[in-house]
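*Asks:* Quick one: the structure is below, and I'll ask about it shortly.
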Amino acid sequence: MHSLFALTAPLALMLPLAADRGAPLDAVWPAVTAPVSAPRYEAAGLSDVPLVNPLSALRAHQSARQVRIEQRVVVRIAPQRPAARQNMLAQLPQRAVAPRFEEANKEKCVPLEGIAGVQTGSGNRLVLFLRDQRMISVNLEKSCRARDFYSGFYVERNKDGRLCVDRDKVQSRTGMRCEVEAMRQLVEVRD
C-alpha cells in the first residue's frame, strides 16, 4: 500500500499544473489563494497573508542557474586471490628450487587495466602482477611502508588510464597516501 502511495503522490502534485497551464492560480486552486481566516492566524496578525502554491512559485521564478558537475573515478587494485596465483604457477614446470627475480628494465607507466593484482614486498615495495604475465616492482616514498597496502590500494584514474612514476599517488584502505617513485620489471634469473 505504501508503494502505491509513493508512486501516485508526485502525480497528484503535478496534476493541477498539467490540467490548466494558462489559467490563473485562483482558478486552479481557489482555496489556496484565499486569505487565511483561522483564529490562531488572526491572533498572530496573519489573517490577510495569502498562501502560495510552492510549485507555481517555483515555475514563476525563472533565473538562470549554473550547475557544475565533477566526476572522479577511483580504481581499486586488490591482492590476487591465492587460487589465481597458484594457477599461474601451475603452468610453470615444477622445480626443486624457488625462482629468483632481479629488477631489470625501468618502467615509466603501467596501464591500470593491465594490473591483475598486488602483493606487498619488503620495506616500501609493492609487487604488481600484470595480466600479460609480467611482474613489476613498485618503490613508494621512503616514509611509506608496504605492509600498509596488504589489502590492495586505490588510485585515482587519470585521462590516460595509467599508473605513472612521479605523478600518481596510491592510497591504502587505511588512508595512507604514497607517491610512486620508481617501477622496474622483475625478471627471473636462470642459473
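The values are calculated or read from the model by the stated rules, or taken from the named source; none is laboratory data. What you are looking at is a predicted structure, and each value in this text was computed from that prediction instead of being measured. Note that we place each Cβ from the backbone using ideal geometry, even for glycine, and neighbour counts take in every protein chain shown.
*Asks:* Which numbered condition in (1) in contact with a helix residue (DSSP H, G or I) (Cβ under 9 Å, 6 or more places away or on another chain); (2) buried (at least 17 other Cβ atoms within 10 Å of the Cβ); (3) modelled with pLDDT under 90 is the only one that Gln133 fails?
*Replies:* (2)
*Asks:* Another question about this same structure. Sort out which residues of segment 146-190 are more than 18 Å from Val74 (Cα to Cα) and free of Cβ contacts under 8 Å to residues at least 24 places away in the same chain, and write them in order of number.
*Replies:* Scanning segment 146-190 gives Asp166, Arg190.
*Asks:* Out of all the residues in segment 101-118, is one or more at pLDDT 65 or above, within 30 Å of Ala12 (Cβ to Cβ) and aliphatic (A, V, I, L, M)?
*Replies:* Start the filter on segment 101-118 by keeping residues that are at pLDDT 65 or above, which leaves 101-118.
After this cut, where a residue has to be within 30 Å of Ala12 (Cβ to Cβ) as well, the list is none.
No, the conditions are met nowhere in segment 101-118.
*Asks:* Return yes when Val189 is of a type in the set (Val, Ile, Thr) and surrounded by 13 or more Cβ atoms within 10 Å (Cβ to Cβ) and no when it is not.
*Replies:* No.
*Asks:* Scan segment 173-184 and give yes if some residue there is in the same structural domain as Glu107 (by TED's automatic domain parsing), closer than 23 Å to Glu102 by Cβ and in contact with a helix residue (DSSP H, G or I) (Cβ under 8 Å, 6 or more places away or on another chain), otherwise no.
*Replies:* Keep residues of segment 173-184 that are in the same structural domain as Glu107 (by TED's automatic domain parsing), which gives 173-184.
With the extra rule that they be closer than 23 Å to Glu102 by Cβ, the set shrinks to 180-184.
With the extra rule that they be in contact with a helix residue (DSSP H, G or I) (Cβ under 8 Å, 6 or more places away or on another chain), the set shrinks to none.
For segment 173-184, residues in the same structural domain as Glu107 (by TED's automatic domain parsing), closer than 23 Å to Glu102 by Cβ and in contact with a helix residue (DSSP H, G or I) (Cβ under 8 Å, 6 or more places away or on another chain): absent.
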